[in-house]
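Structure first, then comments.
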Amino acid sequence: MPAIAEPYRIKMVEPITMTTREQREAAIRAAGYNTFLLRSEDVYIDLLTDSGTSAMSDRQWSAMMMGDEAYAGARSFDHLVESVRESYGFPYVCPTHQGRGAEHLISRILITPGQHVPGNMYFTTTRVHQELAGGTFHDVIIDEAHDPSSLHPFKGNVDLDKFQALIDEVGADQIAYINVAVTVNMAGGQPVSMANIRAVREICDRYGIIMWSDATRLAENAYFIKEREDGYADRPVAEIAREMLSHFDGITMSGKKDCLVNIGGFLAMRDEAILTKARELVVVFEGMPTYGGLAGRDLDAMAVGLREALDDDYLAHRIGQVRYLGERLQEAGVPIVQPVGGHAVFIDAAAFLDHLPQDELPAQTLAAEIFLDSGVRAMERGIVSAGRDADGNHRHPKLELVRLTIPRRVYTNSHMDVVAESVIRVFQRRKEIQGLKFVYEPPTLRFFTSRFEPLAADAALEEGRPEPALAGA
Ligand code: P71
């Protein structure tokens, strides 16, 4: 493989701080062992998320300077609509402050309480809004998605039999819509094939079911289709993305990923009746239908960014960088979700810390340990993220993962080397690591603000030993 360098050069830099082990111990303790609660200043390499963390291009910054901040009728909105029409092929757009704003609106519009919403694996904010609207989420992703070692090239695919079985069970009229995520975040950034999208469309047409997409990482999905699906190798990614989206009735978009902006989102659709409803709701919850809670300059940055993200050279480097980190970890025997996905390397924390039962929160523990080792911040995607079911019990997801999420256009492969070395160091002393327990848990989306303590503190107390250094205060 020839080396792929960044298809851009650096015009502005942001210094980052390096910390001592002592400083990191104090920081993670103050954060209740939750990497969401760390102060960014205490973080060396921030792989918490690829959401809103992209570096914008000079073209985006100059578009921002031209933003139209009129309350109504701003031309920035027209720029976004033009860009979405051209790149995604949807005639109608309703901006929102970010992805979950769009999820809120579409859930209210399409779900009648009591209805069902199939999807290819859950996403936290998506499912919450479906449930708040009175819907019940059903996972219809293929089984391979739940198996970290399966090498299926399209682990995001919808299992057509599961989808059909749900239709047979509840009746097509009780299905509000199907939500197909491209790529699937919680499965490890795994793509959906064009053939699968077409097959889902056929079922939807047969039963009159609305086919929606969470298109948050659609550019990365299109790149995987180019790489892996017959007949697409010579097609520009932008064209593949257009074809993918041509099968959907509409999308929710978190612009913070594949629109390369720090804030923003939107709904886009073909049906004018859905647009009308979205406009009725957006004024209540977000802002005027022409700005949806964003500044004019944010709309302009998004209009430019969504085109840039569909560039073949950008994507080859982007996906290549994520893969580079994944391969370094794999060579050292660190268990990761395979194949490496589009936006992140997911460490299989259940296999990494196989001496910890899931109730001792292996992924939360591992994320804290990686931070302690090097100041690299990762994110828990396991039992803590999955929350509790309607009866108040922990959900036990099959995947117990730590996500090393790569921001777009921000870090170099030297940063990836530092990350790999740190994870490998922690791996080498994994047997010494003890789990965590909850000390504070909020009622919804608990991963954001929960606080934890090391179980080692309990054990030490019971045995009358002094607490280990990390467990105090
Ligand atoms: C990510 C995020 C941001 C996030 C959200 C919740 C918990 C932790 C971090 C956001 C997504 C997403 C998909 C597939 C919708 C949203 C919501 N992802 N769909 O991965 O990945 O978008 O953040 O703009 O509201 O770190 P929003």
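The values are calculated or read from the model by the stated rules, or taken from the named source; none is laboratory data. These numbers come from a predicted model, not from an experiment. Positions of Cβ are generated from backbone atoms using ideal geometry, with glycine treated the same way; all protein chains shown enter the neighbour counts. Just the protein is used for accessible areas: all its heavy atoms, side chains included, with ligands, DNA and RNA removed. Shrake-Rupley method; radii C 1.70, N 1.55, O 1.52, S 1.80 Å.
Being under 30 Å from E144 (Cα atoms) and touching a strand residue (DSSP E or B) at 6+ places or on another chain (Cβ under 6 Å), is that true of even one residue in region 283-303? Quick ask: steps written out before the conclusion?
At the first step, the residues of region 283-303 found to be under 30 Å from E144 (Cα atoms) are none.
Checked against the condition, which is being under 30 Å from E144 (Cα atoms) and touching a strand residue (DSSP E or B) at 6+ places or on another chain (Cβ under 6 Å), region 283-303 yields no hits at all.
Based on what the data block shows, is K277 open to solvent by 10 Å² or more (accessible area, probe 1.4 Å) and closer than 26 Å to S62 by Cα? I'd like the intermediate steps shown before the answer.
On the way: open to solvent by 10 Å² or more (accessible area, probe 1.4 Å): yes; closer than 26 Å to S62 by Cα: no.
So K277 does not fit the description; no.
Looking across region 4-16, the residues that are without any contact (Cβ under 8 Å) to a residue 40 or more places away in the chain and surrounded by fewer than 13 Cβ atoms within 10 Å (Cβ to Cβ) come down to R9, I10, M12, V13, E14, P15. Taken together, the residues in region 36-48 that are under 16 Å from the mean Cα position of the chain (by Cα) and not in a loop (DSSP other than H, G, I, E, B) amount to 2.
Would you confirm whether or not region 330-344 contains a residue that is within 16 Å of the ligand (Cβ to nearest atom) and assigned to a strand (DSSP E or B)? Scanning region 330-344, I find at least one residue that is within 16 Å of the ligand (Cβ to nearest atom) and assigned to a strand (DSSP E or B), so the answer is yes. If you go through region 234-242 one residue at a time, do you hit one that is under 12 Å from G99 (Cα atoms) and either touching a residue at least 12 places away in the same chain (Cβ under 8 Å) or within 19 Å of the chain's Cα centre (by Cα) (or both)? The answer is no, given that none of the residues of region 234-242 is under 12 Å from G99 (Cα atoms) and either touching a residue at least 12 places away in the same chain (Cβ under 8 Å) or within 19 Å of the chain's Cα centre (by Cα) (or both). With a requirement of 2 or more residues that are within 16 Å of the ligand (Cβ to nearest atom) and at pLDDT 95 or above, the strands (runs of 3 or more DSSP E) lying completely within region 393-459 that satisfy it span 401-405.
Is it the case that L310 is at pLDDT 95 or above, in a loop (DSSP other than H, G, I, E, B) and within 22 Å of the chain's Cα centre (by Cα)?
Criteria met by L310.
Of all the listed residues (V158, V170, V192, V182), the sole one being more than 16 Å from the ligand (Cβ to nearest atom) and modelled with pLDDT of 95 or more is V170. Quick one: would you say F90 is buried (at least 18 other Cβ atoms within 10 Å of the Cβ), of a type in the set (A, V, I, L, M, F, W, C), within 15 Å of S213 (Cβ to Cβ) and modelled with pLDDT under 95? Considered against the rule, which asks whether it is buried (at least 18 other Cβ atoms within 10 Å of the Cβ), of a type in the set (A, V, I, L, M, F, W, C), within 15 Å of S213 (Cβ to Cβ) and modelled with pLDDT under 95, F90 comes out as no. Counting just the residues of region 314-339 that are within 23 Å of R217 (Cβ to Cβ) and without any contact (Cβ under 8 Å) to a residue 40 or more places away in the chain, which one comes out least open to solvent (accessible area, probe 1.4 Å)? Result: G326.
Within region 204-220, residues that are under 12 Å from A181 (Cα atoms) have Cβ atoms under 8 Å from residues that are away from the ligand (no atom under 12 Å from the Cβ) and among the acidic types (D, E) in these pairs: M211/D249; W212/D249, counting only partners at least 6 apart in sequence or on another chain. The set of residues in region 149-165 that are under 18 Å from R201 (Cβ atoms) and open to solvent by 10 Å² or more (accessible area, probe 1.4 Å) comprises F154, N157, D159, L160, D161, K162, Q164. For region 353-361, the criterion of being open to solvent by less than 40 Å² (accessible area, probe 1.4 Å), more than 19 Å from F448 (Cα to Cα) and either at pLDDT 95 or above or touching a His at 6+ places or on another chain (Cβ under 8 Å) (or both) is met by at least one residue.
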